[in-house]
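Enquirer: Please find one structure pasted underneath; my questions will follow.
The values are calculated or read from the model by the stated rules, or taken from the named source; none is laboratory data. A quick note: this is a predicted structure, and the numbers were derived from the prediction, not measured. In this analysis, Cβ positions are derived from the backbone assuming ideal geometry, glycine residues included, and neighbour counts consider all displayed protein chains. Note: areas computed on protein heavy atoms with side chains; ligands, DNA, RNA excluded. Shrake-Rupley method; radii C 1.70, N 1.55, O 1.52, S 1.80 Å.
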Amino acid sequence: MPNFQEKALVQAHEQLAPDIFRLTVHSPQIAQASAPGQFVMIKSSNTSDPLLRRPFSIHDVTSGGMLHLLYKVIGKGTRCLQNLSPGEQTDLIGPLGHGFQFSVQEPACLLGGGMGIAPLLYLAKSLQNVSSPRQDHQILLGARTSVELAPLVDDFQQLGYTVQAATDDGSLGHHGFVSELLEEVLPSVRTVYVCGPHPLMAAIARQCQAADVPCQVSLETHMACGLGACLGCTIYAPDKSYRHVCKHGPVFDANEVLWTL
Amino acid sequence: MDAVKTIPKADLQVNIGGLPLRNPVMTASGTFGYGREFENLVNLHRLGGIVVKGISIQPRPGNPPPRIVETSSGMLNAIGLENVGIERFLTEKVPYLKTLRTKVVVNILGDSLDEYAYLAEKLSGHEGIHALEVNISCPNVKKGGVAFGVDPEMAKAVTAAVKTATDLPVMIKLSPNVTDIASMAQAVEQGGADSVSLINTLIGMGIDTSSRRPKLANVIGGLSGPAIKPVALRMVWQVAQAVSIPIVGIGGIETAEDAIEFLLAGATAIQVGTANFYDPQATEKIITGLHQYLYEQKEICVRSIIGTIRLGSST
């Protein structure tokens, strides 16, 4: 698989909610080679603290070699990233890892929680190019509150999708967890793609297994390189052997992951 | 870049105890996989050498997660020596490594003298394997689990066992978690080591205050990155005064200036470790920077600056 290290110029840096940002960079080589579910490693500062690159799933790819990342300011790395302004240069390595298998079974359900929504936009766009009419796909998105969720719901609606939303505080859509929306749509879909907090993905994986619907999950871990060299991004497979998120993933069949120890 | 092209190229060749390198810049074990992981990002043929991920007789699964955590200007890791084992290394990794026009050093690790000797013998006589680096920071199972690398007699014994088992140049990688690094270097020199590389990681830990749990599942792990460079440099300097075999400096090197500090302190070559993770181009930038430095210093050969730190009054 080809990957590149690219100096990328920041084109836009949009604030979607108090702590949520969308970064658009001109990164033609990585954009051209990428597939939904893959990720990039980005150096968020030129100093040695924070030292390591941070992994971000590819949120979207648009014409002219534009790569979009969606992130929430959580720690040292994302606080540095937040300071990038249009015209400044950043440094990316990608595309990395194995993305979603999306040539398989239609129609699909795309289920995202919080920043886990990021890779699903690129996936939703790519699904438009395969056979099912887009109305058949189910998009279920959840977040804490409307302020954080509404701008993301909007992105999917602009692609022509109908979105079901869920918020923890009931300020948009269903009052509760996005996983609670799945039960109803599960009989009508043949694949579920999910990305979000670990407990959410574990719950969805259980539901899909019970209904015998294939489920793909996009996992997140700490990693130092993203290239399969540091061996730091370990998860458990069901037989308690290890898998590395950067190489075997970040997208896994839900049955390849041990959800509870 | 244009300015760099116009300067005359210096002679960067060095010899690490029978291992000739085209330049003194290598990659450190455990930070560069088996080389191929970086083939799209680094011109591997340009490197002085590649030290591959440590190999044991049996494949090792490694430690439970979480295995890594970032620290101020560094990182802690407790990977647990995960590797494919010698059989898969020879059949799956060596065919690619031997296509590279660079020197390949295989890092080995074991639980007993017999295991080290077995690995050394098994890795000898293969096209594409040019030297061994011996990780002596592993516990000696037969001696109650004390690391070979913290006891001079055990370190000497493991060196002798490996030397007896192979004709390849043998580099012993020293642990910094000792009181007197110079006496460890002297012990392995007496054991017949062709060179020493130092330092391995410094043992550290971190605690998540909200959960009160250790940040690494293994509780303790190895600290690496720019944070450890001053310690590494001090140890290289001390070892340089204690032994006559070549020294390979390791520890937080990310720039040419870092590398040059180690050469001035007495290292004949250097290894880039953690920097490969966040700046895969670090090795190539260091090679370019060495030419630039030697030109500015009016030197034509990198060997003429080794150990030339100026001590005493500046007047």
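Enquirer: What is the residue count in segment B:38-80 for residues that are closer than 23 Å to B:E92 by Cβ, facing another protein chain (nearest Cβ under 7 Å), surrounded by fewer than 21 Cβ atoms within 10 Å (Cβ to Cβ) and not small (G, A, S)?
Expert: Residues that pass the stated criteria total 3.
Enquirer: Now a separate question. So which residues in segment A:216-232 are open to solvent by less than 40 Å² (accessible area, probe 1.4 Å), more than 8 Å from chain B (Cβ to nearest Cβ) and touching a residue at least 40 places away in the same chain (Cβ under 8 Å), if there are any at all?
Expert: Answer for segment A:216-232, where residues must be open to solvent by less than 40 Å² (accessible area, probe 1.4 Å), more than 8 Å from chain B (Cβ to nearest Cβ) and touching a residue at least 40 places away in the same chain (Cβ under 8 Å): A:Q216, A:V217, A:S218, A:G226.
Enquirer: Among (1) in a loop (DSSP other than H, G, I, E, B); (2) within 23 Å of B:D11 (Cβ to Cβ); (3) over 14 Å from the mean Cα position of the chain (by Cα); (4) within 14 Å of chain A (Cβ to nearest Cβ), there is one condition B:E284 misses while meeting the rest; what is its number?
Expert: Against the list (1) in a loop (DSSP other than H, G, I, E, B); (2) within 23 Å of B:D11 (Cβ to Cβ); (3) over 14 Å from the mean Cα position of the chain (by Cα); (4) within 14 Å of chain A (Cβ to nearest Cβ), B:E284 comes up short only on (1).
Enquirer: OK, next. Please work out if A:A124 is within 20 Å of A:C195 (Cα to Cα), in a helix (DSSP H, G or I), open to solvent by less than 10 Å² (accessible area, probe 1.4 Å) and free of Cβ contacts under 8 Å to residues at least 40 places away in the same chain.
Expert: Considered against the rule, which asks whether it is within 20 Å of A:C195 (Cα to Cα), in a helix (DSSP H, G or I), open to solvent by less than 10 Å² (accessible area, probe 1.4 Å) and free of Cβ contacts under 8 Å to residues at least 40 places away in the same chain, A:A124 comes out as yes.
Enquirer: A further question on this structure: Condition first: assigned to a strand (DSSP E or B), in contact with a Cys (Cβ under 8 Å, 6 or more places away or on another chain), under 28 Å from B:S224 (Cβ atoms) and in contact (Cβ under 8 Å) with a residue 12 or more places away in the chain. Can you find one or more residues in segment A:68-89 that meet it?
Expert: no
Enquirer: Looking only at segment A:187-203, decide whether some residue is modelled with pLDDT of 95 or more and charged (D, E, K, R).
Expert: Looking for residues that are modelled with pLDDT of 95 or more and charged (D, E, K, R), one finds none in segment A:187-203, hence no.
Enquirer: Ok, one more. Would you point out the residue of segment B:1-37, among those that are in contact (Cβ under 8 Å) with a residue 12 or more places away in the chain and of a type in the set (S, T, N, Q), that is most open to solvent (accessible area, probe 1.4 Å)?
Expert: B:Q13
Enquirer: Hey, can you tell me all the residues within segment B:81-101 that are in contact with a strand residue (DSSP E or B) (Cβ under 6 Å, 6 or more places away or on another chain) and away from every other protein chain (no Cβ under 14 Å)?
Expert: Selection gives B:I86, B:F89, B:L97.
Enquirer: Okay, next question. Of the residues that make up segment B:206-219, is at least one within 15 Å of the chain's Cα centre (by Cα) and either surrounded by fewer than 22 Cβ atoms within 10 Å (Cβ to Cβ) or not in a loop (DSSP other than H, G, I, E, B) (or both)? Break it down stepwise before answering.
Expert: Step one: filter segment B:206-219 for residues within 15 Å of the chain's Cα centre (by Cα), giving none.
Taking every residue of segment B:206-219 in turn, none turns out to be within 15 Å of the chain's Cα centre (by Cα) and either surrounded by fewer than 22 Cβ atoms within 10 Å (Cβ to Cβ) or not in a loop (DSSP other than H, G, I, E, B) (or both).
Enquirer: Hey, any hits in segment A:164-174 for a residue that's within 16 Å of the chain's Cα centre (by Cα) and either within 14 Å of chain B (Cβ to nearest Cβ) or not in a loop (DSSP other than H, G, I, E, B) (or both)? Write out each step before concluding.
Expert: The initial filter retains those residues of segment A:164-174 that are within 16 Å of the chain's Cα centre (by Cα), namely none.
Checking segment A:164-174: not a single residue is within 16 Å of the chain's Cα centre (by Cα) and either within 14 Å of chain B (Cβ to nearest Cβ) or not in a loop (DSSP other than H, G, I, E, B) (or both).
Enquirer: Could you identify the single residue in B:G54, B:G18, B:G30 that is among the small types (G, A, S) and assigned to a strand (DSSP E or B)?
Expert: B:G54
Enquirer: If you scan segment B:235-272, which residues turn out to be outside any helix (DSSP H, G or I), open to solvent by less than 10 Å² (accessible area, probe 1.4 Å) and small (G, A, S)?
Expert: Once the filter is applied, which keeps residues that are outside any helix (DSSP H, G or I), open to solvent by less than 10 Å² (accessible area, probe 1.4 Å) and small (G, A, S), segment B:235-272 yields B:G249, B:G251, B:A267, B:A269.
Enquirer: A further question follows. Name the residues in segment A:45-62 that are of a type in the set (S, T, Y) and within 10 Å of chain B (Cβ to nearest Cβ), would you? Spell out the reasoning first.
Expert: Within segment A:45-62, the subset of a type in the set (S, T, Y) is A:45, A:47-48, A:57, A:62.
Within segment A:45-62, A:T47, A:S48 meet the criteria.
Enquirer: If you don't mind, another one. Consider B:E153 carefully, then state whether it is open to solvent by 40 Å² or more (accessible area, probe 1.4 Å) and either in contact with a strand residue (DSSP E or B) (Cβ under 9 Å, 6 or more places away or on another chain) or assigned to a helix (DSSP H, G or I) (or both). I'd like the intermediate steps shown before the answer.
Expert: On the way: open to solvent by 40 Å² or more (accessible area, probe 1.4 Å): yes; either in contact with a strand residue (DSSP E or B) (Cβ under 9 Å, 6 or more places away or on another chain) or assigned to a helix (DSSP H, G or I) (or both): yes.
Considered against the rule, which asks whether it is open to solvent by 40 Å² or more (accessible area, probe 1.4 Å) and either in contact with a strand residue (DSSP E or B) (Cβ under 9 Å, 6 or more places away or on another chain) or assigned to a helix (DSSP H, G or I) (or both), B:E153 comes out as yes.
Enquirer: Limited to segment A:1-44, what total is found for residues that are open to solvent by less than 50 Å² (accessible area, probe 1.4 Å), away from chain B (no Cβ under 14 Å) and not in a loop (DSSP other than H, G, I, E, B)?
Expert: 14
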